[in-house]
There are 4 protein chains.
Amino acid sequence: MPRRQDVSETRKNQILDAAMAVFARSGFHEARMDDIVQESGLSKGTLYWYFKSKEEIITAISQRLFATDIEQVEGLLRAEGTVSERLQQLIHDRIQGLQDMSGMVAILFEFYAVALHQDGVRQFIKAYFQNFHELLVALIEQGIERKEFRPVDALAAATALDAIFEGLIVRWLIDPEAVQWASLGQAAIRLLLDGLKQE
Amino acid sequence: MPRRQDVSETRKNQILDAAMAVFARSGFHEARMDDIVQESGLSKGTLYWYFKSKEEIITAISQRLFATDIEQVEGLLRAEGTVSERLQQLIHDRIQGLQDMSGMVAILFEFYAVALHQDGVRQFIKAYFQNFHELLVALIEQGIERKEFRPVDALAAATALDAIFEGLIVRWLIDPEAVQWASLGQAAIRLLLDGLKQE
Amino acid sequence: MPRRQDVSETRKNQILDAAMAVFARSGFHEARMDDIVQESGLSKGTLYWYFKSKEEIITAISQRLFATDIEQVEGLLRAEGTVSERLQQLIHDRIQGLQDMSGMVAILFEFYAVALHQDGVRQFIKAYFQNFHELLVALIEQGIERKEFRPVDALAAATALDAIFEGLIVRWLIDPEAVQWASLGQAAIRLLLDGLKQE
Amino acid sequence: MPRRQDVSETRKNQILDAAMAVFARSGFHEARMDDIVQESGLSKGTLYWYFKSKEEIITAISQRLFATDIEQVEGLLRAEGTVSERLQQLIHDRIQGLQDMSGMVAILFEFYAVALHQDGVRQFIKAYFQNFHELLVALIEQGIERKEFRPVDALAAATALDAIFEGLIVRWLIDPEAVQWASLGQAAIRLLLDGLKQE
DNA sequence: AATGAATGAGGATTCATTCAT
DNA sequence: AATGAATGAATCCTCATTCAT
């Protein structure tokens, strides 16, 4: 009967799901524990049975949100196709991901803001950034090896790429009309990629 | 007697300076009005004499922080030198500006987060972004006209440039070691600029 | 206009008076801050403006309750009459004092219990005991000098006297009928005093 | 199969032992049921299987703590030796008892405080006091009969004796250094006994 | 008998804002 | 203009107790 084993895991997820929904709707500070209680369908006591404070819930969500999918990353490195194509694919996937969870993106900044005061959160985000960054470095190096790209500074190029990506998100959240992902966003990123290519 | 006016202006600045310091240190929500009172050296009553709520203080700071210096912008468009040089200069100035107020940069995220819930704040930031963006577009177009740059999509190029800039700030705040402005940051930006140049 | 000077002192006393009444009625733990608020006629905010926690109120009361009246003590040492008479007087006064505040005596044990976990409280009580003890020692030594008393161990005699006193209070609180102060209590204490006298 | 019964008894004792330890450490109100659960090594459900509330545990402990050992008492009345010797012995035994459970003595005050609000507890303590008191009365009367003591008021003398004893405990708990049982405590008690003796 | 997850009423404390002076 | 004491609604969290298994 291992059915009972993971009630605990189920409950935690139930709580985190509810919390994310509430946070996305109201922001961290406007969100009341009671809202999460209601959204989750559990009781207040149960919430505190699994997480000992609101802060702990926030941290847990950040952990989940900024979890890095190593498999996907490794897969991409060994996948077929030109590096350029795979970079495009990677970026496309990420944009897709953002749009899928567009309701949640709003809390991204809440997390960035929290990160500056709560180190646990900062670490998760940092790891996430690093991970993405390293993947880009590896891909770009592959591109240089294969003579697809000019022998640029891979580190700088990767830094530029993930900065551009992150920057577009910022701009998008503040001014959605200014960043039409399908057109302008893609074009901006392509511009950089084109600069890398071997003429 | 325009001196009267000044006292009022002085007080407001005194309050906003104090508030910025406190906000940068603790974030908007952890910051207590009492903290600002203490930091400012004024009394609680005086605070509320000049600003009728915490929100109003936040809005006032965002207005100040995201004020656009039209003069500087226009000047840059008419300045001497190659477009490339002037872009480098612009970026260099901004990095300098960031580093000068490095303690304050932390509140940037607070504002971004707030912007999603408070439209007044969003408008200031949006205008600021747009302004910078338009300047970049104009400069790049100038570069294209003068044959310094290839005939790229100026809009996309500007979008890429300001995204890269904003993205580097995000990364920097979360992981300061990862972004050494003087080296990596500059290199990343130059990479993009190089891509624009006429070969 | 010094009228305003001691609003602060007035408020604090107002709060402590209310708190004592409530504590005597309900005990420390049953007493709700709201009860004190109501009893004091002030607002919750005001309570917390003057005392930053329930614990602080308890400590402040203990300080007030176990304050030692040095003047009275010194006076007694220089007063006229035989030492024996003055000891009787001292004890009589204390019994009187207890009976006057009989409603409050109930919280004595609350304080003793708290003292074991809260050092601030313990110190006040300790000082109070020591003060009373030293007075007894001085009086008994005076009695020995004046040949009213036998050359007993003044320290031991004083210890016995204040122990007997404290012990009677304990017994009284648990079993009021068993200790009729006017008769049995006095008799018990006199018995000890008689043992001290020069035959 | 009376062994069953024993398990039940064992469990109850296990719980009460744990509860006493926790109560002595933290006081009744700071002590959490969870602390007792942990200390006992049992589960929360089991605790509530044997005692239906925290109050019931407290009452059970008071019953245990203030149980009167009739046998010992009766024995002492019929024992050999002078009354004075036996009183000394009695007091010595009690002091010994206190010192053996010195860690637990702290909860004495908790019980005294509780007694004022919870009548069940008060009755146990009252009976305990009365029992001790009656024993003292009987012993002193024996002493008077046997001409060991002066024809004092036995009731008053006994009251004085148990008050002194209880008072010393109070003083000791608040200020351990002030009451060195072996010296000062004994001396104080002896002083009273000496006063009773036939010259 | 035993477990421990679940409950929710209850309580201490905070803090933006007001207002008499 | 300036002060700072006063307010009280709002909120997080605790913890004794229950109950399905």
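Here, each number is a calculation from the coordinates, and none is a lab measurement. Model, not experiment: these values are computed from the prediction. Ideal geometry is used to build each Cβ from the backbone, glycine not excepted, and the neighbour counts take in all protein chains shown.
Couple of notes before you dig in:
- Normalised by residue count, the stretch C:49-199 yields a Cα convex hull volume of 119 Å³ per residue.
- Integer Hz, Karplus 6.51/-1.76/1.60 couplings in order for the stretch B:58-73, x for Gly and Pro: 4, 4, 4, 5, 4, 4, 5, 6, 9, 5, 9, 8, 4, 4, 4, 4
- Rounded to the nearest 20, the size of the Cβ-charge dipole of the protein assembly as shown about its Cα centre is 680 debye, with Lys and Arg at +1 and Asp and Glu at -1.
- Between the amide H of residue A:197 and those of A:150, distances stay under 5 Å, these residues lying 5 or more places away or on another chain, with hydrogens modeled in the peptide plane.
- Simple spin-label estimate for residue D:13 and residue A:194 in nanometres, 7 Å along Cα-Cβ: 8.9
- Bridging of residue C:147 to lysines at a Cα separation below 20 Å is possible for C:197, once same-chain residues fewer than 8 apart are set aside.
- Relative contact order, whole percent, for chain A stands at 19, derived from Cα pairs under 8 Å and 6 or more residues apart.
- Rounded, prolate or oblate (a/c below 1.5 giving rounded, otherwise prolate when a/b exceeds b/c) for the stretch C:1-77 by Cα gyration tensor: oblate
- Projected label points at residue B:119 and residue A:118, each 7 Å from Cα along the beta carbon direction, are separated by 3.0 nanometres.
- Applying a DSSP loop filter and a limit of 14 other Cβ atoms within 10 Å to the GluC sites (Glu not before Pro) in the stretch B:35-93 leaves B:80.
- Placing a pseudo-label 7 Å from each Cα along the Cα-to-Cβ vector at residue B:85 and residue A:44 gives an inter-label distance of 6.8 nm.
- Computed magnitude of the charge dipole of the stretch C:47-199 (debye, nearest 20; Cβ of K, R +1, Cβ of D, E -1): 140
- Packing-based exposure ordering (other Cβ within 10 Å, fewest first) of A:82, B:46: A:82, B:46
- Convex hull (Cα only) mean projected area of the protein assembly as shown, reported in nm² to one decimal: 52.5
- Efficiency of FRET from Cβ geometry, residue A:30 and residue A:99, R₀ 25 Å, rounded to 0.05: 0.50
- Computed helical MRE - 222 nm, chain A, DSSP H runs ≥ 4 contributing -39500 (n - 2.57), nearest 500: -25000 deg cm²/dmol
- The stretch B:32-114: trypsin sites (Lys or Arg not before Pro) in DSSP coil with no more than 16 other Cβ atoms inside 10 Å: B:32, B:52
- Pairs of alpha carbons in the stretch C:91-148 separated by more than 19 Å make up 49% of all such pairs.
- Sparse packing (at most 14 other Cβ atoms within 10 Å of the Cβ) combined with a DSSP loop state is found for the following trypsin sites (Lys or Arg not before Pro) in the stretch A:146-187: A:146, A:147.
- Shape analysis of the stretch A:110-199 places it in the oblate category; the axes a ≥ b ≥ c from the Cα gyration tensor give an a/c of at least 1.5, with a/b not above b/c.
- Pairs over the 19 Å Cα-Cα cut-off, from the set B:52/C:44; C:52/D:54; A:12/A:52; B:12/B:44: B:52/C:44; C:52/D:54.
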